[in-house]
Amino acid sequence: MNVKVHILNASGNLSPCKNVLQKTAMSVIGKVSRKIVLQNVDIVIKESVNPEYLQDVDGVGGYCPSENFVEISIDYSHPSFQKNTKKIIERTLSHELHHAIRRQAGVKIFGKSLLESMFSEGLADYFAYEITGDFPIWSISLSEKDKEKLMKKAIKNFNQKMTYADYENWFTTGSKKLQLPRWTGYALGLDMVKKYLQNNPTKSVSSVINSSVEKLKL
């Protein structure tokens, strides 16, 4: 297993929590490795340059730009992060590592369909739940009534090829024009994964990590 953790701390701002970050990252790597084959990933943990974007996600954001790279950005002054550093890092890092391994398996996430993006995010969020025991806040942000209404809209756009703007509309910022609350794609994706697992009891999040939506025939 070739997984390396790099904590960027030239400013010294992460020094008070550096040891916790290192130990937590190594703990997550161990937990993830017991469920899926984890290899060839550089994990970079750094201070966020836009902490205002992390206010509603407990001061930690994640990004997986490629199959071999995961980035975790931190607002070290966020009250939730200071209070519960370990669990917040576990949640985000396990989510992003799932993306990396799915991409290593050859499943394209970004630039594919809305359906693939939703299901991949749902898998990553369910995987984070298996690691931490909690679902990420962004995946449980909508009421059942809202999810039912928004799923009808999503179904009409399942084959839409996702651009950066589309991803923001469906997953991060939302869109007033399209009447999409922020995090819609995460909430709908998690529901899709839950239903898939209920309907396929022999399957697990780990067992389908290398399967695209097309192969699963949702």
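The values are calculated or read from the model by the stated rules, or taken from the named source; none is laboratory data. Since this is a predicted model, take the numbers as computed values, not measurements. All Cβ positions, glycine included, derive from the backbone under ideal geometry; neighbour counts span all protein chains shown.
If you go through the range 174-191 and keep only what is over 17 Å from Ser143 (Cα atoms), exposed (fewer than 15 other Cβ atoms within 10 Å of the Cβ) and not hydrophobic (A, V, I, L, M, F, W, C), you end up with Lys176, Lys177.
Rundown of residues vs (1) in contact with a strand residue (DSSP E or B) (Cβ under 7 Å, 6 or more places away or on another chain); (2) aliphatic (A, V, I, L, M), yes/no style:
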residue	(1), (2)
Leu93	yes, yes
Leu97	yes, yes
Leu123	no, yes
Ile131	no, yes
Lys161	yes, no
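Tell me which helices (runs of 4 or more DSSP H) are completely within the range 89-196 and hold 3 or more residues being among the hydrophobic types (A, V, I, L, M, F, W, C) and in contact with a Ser or Thr (Cβ under 7 Å, 6 or more places away or on another chain), or say none if there are none. Result: 114-132. Can you pull out every residue in the range 51-75 that is in contact with a Gly (Cβ under 8 Å, 6 or more places away or on another chain) and of a type outside the set (A, V, I, L, M, F, W, C)? Residues satisfying the conditions are Pro51, Tyr53, Glu71, Ser73, Asp75.
Evaluation of Glu71 against the conditions (1) in a helix (DSSP H, G or I); (2) modelled with pLDDT of 95 or more; (3) under 29 Å from Glu214 (Cα atoms) shows that the sole unmet condition is (1). In the range 199-218, which residue that is among the hydrophobic types (A, V, I, L, M, F, W, C) and part of a loop (DSSP other than H, G, I, E, B) is nearest to Arg103 (Cα to Cα)? The residue in question is Ile209.
Can you confirm whether the range 49-60 contains a residue that is outside any helix (DSSP H, G or I) and farther than 19 Å from Pro136 by Cα? Looking for residues that are outside any helix (DSSP H, G or I) and farther than 19 Å from Pro136 by Cα, one finds at least one in the range 49-60, hence yes. Determine, yes or no, whether Asn199 is in contact with a strand residue (DSSP E or B) (Cβ under 6 Å, 6 or more places away or on another chain) and not assigned by TED's automatic domain parsing to the domain that holds Tyr53. Considered against the rule, which asks whether it is in contact with a strand residue (DSSP E or B) (Cβ under 6 Å, 6 or more places away or on another chain) and not assigned by TED's automatic domain parsing to the domain that holds Tyr53, Asn199 comes out as no. Say whether the condition of being closer than 11 Å to Leu97 by Cα, modelled with pLDDT under 95 and not charged (D, E, K, R) is met by at least one residue in the range 45-56. Within the range 45-56 (the criterion being closer than 11 Å to Leu97 by Cα, modelled with pLDDT under 95 and not charged (D, E, K, R)), the answer is no, since none of the residues qualifies.
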